[in-house]
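Below is one structure, written out as structure tokens; comments come after it.
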Amino acid sequence: MAKKIYKSLPDMGKARNRVDRPVLRREDIIVPASVSSYAEGRKFFIRTFGCQANVRDEEIMAGYLEKAGFCRTNEAKEADLAIINTCAVRENAEEKVYGEIGNFKANHLRDKDFTLAVCGCMMQEEGVAENLMTRYPFVNIIFGTHNIDKLLDLLAEHLERKKDLVDILSFPGDIVENLPSTRLDSYKAFVNIMYGCDKFCTYCIVPYTRGRERSRSKEDILAECRELVEQGYQEITLLGQNVNSYGKDFQDGTSFASILEEVAKLGIPRLRFMTSHPWDFSDEMLDVIAKYPNIMKCIHLPVQSGSDVVLRRMGRRYSREEYLRLVAHIRERMPECALTTDIIVGFPDETEEDFRATLSLCEEVKYDAAFTFIYSPRKGTPAAKMKDDVDDATKHRRFDQLVKVIEKGVIGHAEKMVGKTFAVLVDGPSKKDPSLLSGYTESGKLVHFRGPSQLKGHIVDVLVKESHTFSMIGELTEDPLLLLAKDFAKAFQNEEVVIRYNEAMKAFKKSESVQRLRDELEASQRALALSVKEGKDEAYLGAKKTYLALKEKYENHPIVMNLHSAQEELQRELDLIQEKLP
Ligand code: SAH
Ligand code: SF4
Ligand code: F3S
């Protein structure tokens, strides 16, 4: 394709600005004719890098593409349309993207109509889109994080004008609702409660790539969660770069604690949230987490560093002491609460003393899990301009040392689990060993155990037998067939035939005239039996006549007739189900 059209390019200076006022827009999905005819018989493929915000964006893009008529494929080679959804948080995340783009050259060579789109956080960085367009001439569309709702329009423009396009906005603009979405999991769902980040930690690119903090309305969040509960979802994770800030932009006292509580009340079996910044973790939040058993007692509380000097330079707005006080406070309220974290080693000019402070903090907190990263300078962020005299070898040595200290804490927690039973939400066959099932406990520990694959999506009790640091080996405490049978009966409760049968039975038991008739019928049956025993023909004939008359009256009673027909209907339904069973 000869000419490229640069509709708009990102400007990180503008992206830093918080002047825009997002408004709410409800999306009507219109599929352009050029897109629906292109979609016919074609398959799309999406590769996502980065965090849950990107995963949720993938689900929305998949929703748009399926509405347009594309089918999904998980085989990159088969794709007629591929989207690479990128992350910019660290340099290594970016390097993977270049490799991935290169993989699609074959699709381009095989099919001149193949379309390759690249989107996501990395595209929001200055210079990246132009570089991609020059280095990879087979990239057709580049867009950013703020216009994924324009996916079909951009595709239409590319198809109709036969031009490659770049359209990246620096401001987020509207909060778009009624977005289509095809969820990747049928039991666990992510729900965005807010977008963007205003924290501007000095090392972090996210506030530039995702724009200002903006909350979705409570009504929209609750409607989405309610629908998930109705569809049988077992777990919802409320998403935001910093969920504690939820609702602050409404300036009406709305808080994260209130939305968390309202979602918990909808009755989803498991509710999680991420990420919460230690700085504004309120007591009100803690009260709600402690109060509702369906809010998982597992908090991701990124500390980043244990040194006050580094924390200040990172712009994290809390001290080591404040963080440790918060940890103690959480554990006082909920001693069983799991804590996980993110840590960066090798921040510019991190001294050995700073690093030791991080080690000692980890020794003290004993995290259940931690994500550790070596600092990666991000162009355009304040930390990228800071002086850094620490060499790479030192950074790697510190990283290895930190991982060892964290592992000790993790092992400590894991070993305490042996011999105890935990509720596990089954994800399905384990990726490592498909003969085992895998799932997570409420506190987020991975457990492997034997069981039928039909248990996927069920919450089951598992006795932990062995600890392997980052995962456990366990055993189901209940017979899996009984578990499935219970589930089957529960599902059947809402079937129309069962409801009708239950109502007919209720009316039968409640009706005095029917019960009287039944008593009389039973008495006549006893009299008949007695007359047979006594062998007197006359008495026998009289008793039989009475019995038959009562029987007819009983069987023709409308309530009894109704019960019998409901029973027959239920029996027919059960026979049909039995036929279908293997
Ligand atoms: N909003 C979340 C997480 C954002 S990114 C939060 O504040 O916790 C996830 C993690 O990536 C961060 O917690 C941080 O530990 C790490 N990270 C972010 N920028 C980084 C950088 N420039 N170099 C290395 N790690 C980084
Ligand atoms: Fe980045 Fe800090 Fe915002 Fe998290 S809170 S996304 S680390 S700027
Ligand atoms: Fe990466 Fe963007 Fe998430 S930079 S971590 S995908 S918000």
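The values are calculated or read from the model by the stated rules, or taken from the named source; none is laboratory data. From a predicted model like this one, the values you see are computed outputs, not experimental measurements. Using ideal geometry, Cβ is built from the backbone for each residue, glycine included, and neighbour counts are taken over all protein chains shown.
Looking only at region 138-148, decide whether some residue is buried (at least 18 other Cβ atoms within 10 Å of the Cβ), closer than 20 Å to residue 62 by Cα, within 16 Å of ligand 1 (Cβ to nearest atom) and among the hydroxyl-bearing types (Ser, Thr, Tyr). Looking through region 138-148, at least one residue is buried (at least 18 other Cβ atoms within 10 Å of the Cβ), closer than 20 Å to residue 62 by Cα, within 16 Å of ligand 1 (Cβ to nearest atom) and among the hydroxyl-bearing types (Ser, Thr, Tyr). Of 225, 204, all but one fail to be part of a helix (DSSP H, G or I), at pLDDT 95 or above and not assigned by TED's automatic domain parsing to the domain that holds residue 55; the exception is 225. Of all residues in region 554-568, those that are under 14 Å from residue 501 (Cβ atoms) and touching a Lys or Arg at 6+ places or on another chain (Cβ under 7 Å) total 1.
Among the residues of region 176-190, some residue qualifies, meaning at least one is outside any helix (DSSP H, G or I), closer than 14 Å to residue 22 by Cβ and not assigned by TED's automatic domain parsing to the domain that holds residue 83. Looking only at residues in region 87-117 that are assigned to a helix (DSSP H, G or I), hydrophobic (A, V, I, L, M, F, W, C) and in contact (Cβ under 8 Å) with a residue 12 or more places away in the chain, the one that is surrounded by the most Cβ atoms within 10 Å (Cβ to Cβ) is 97.
Give the residue, chosen from 196, 232, 173, that is on the phi > 0 side of the Ramachandran plot and buried (at least 21 other Cβ atoms within 10 Å of the Cβ). The unique qualifying residue is 196.
A quick yes/no check of all residues on (1) in contact with a helix residue (DSSP H, G or I) (Cβ under 8 Å, 6 or more places away or on another chain); (2) at pLDDT 95 or above:
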{"position": "327", "(1), (2)": "yes, yes"}
{"position": "334", "(1), (2)": "yes, yes"}
{"position": "341", "(1), (2)": "yes, yes"}
{"position": "357", "(1), (2)": "yes, yes"}
{"position": "373", "(1), (2)": "no, yes"}
{"position": "387", "(1), (2)": "no, no"}
{"position": "394", "(1), (2)": "no, yes"}
{"position": "407", "(1), (2)": "no, yes"}
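Quick grid of which residues meet (1) of a type in the set (Asp, Glu); (2) within 16 Å of ligand 3 (Cβ to nearest atom):
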position	(1), (2)
106	no, no
138	no, no
147	no, yes
154	no, no
164	yes, no
170	no, yes
175	no, no
179	no, no
182	no, no
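For region 1-48, the set of residues classified as surrounded by 13 or more Cβ atoms within 10 Å (Cβ to Cβ), within 31 Å of the chain's Cα centre (by Cα) and in a strand (DSSP E or B) consists of 25, 43, 44, 45, 46, 47, 48, listed by residue number.
Residues to consider are 157, 177, 125, 130; find the one that is of a type in the set (Asp, Glu) and within 16 Å of ligand 2 (Cβ to nearest atom). If you could, list the steps in order and put the result at the bottom.
Working: 157 fails: within 16 Å of ligand 2 (Cβ to nearest atom); 177 fails: within 16 Å of ligand 2 (Cβ to nearest atom); 130 fails: within 16 Å of ligand 2 (Cβ to nearest atom).
After applying the criteria, what remains is 125.
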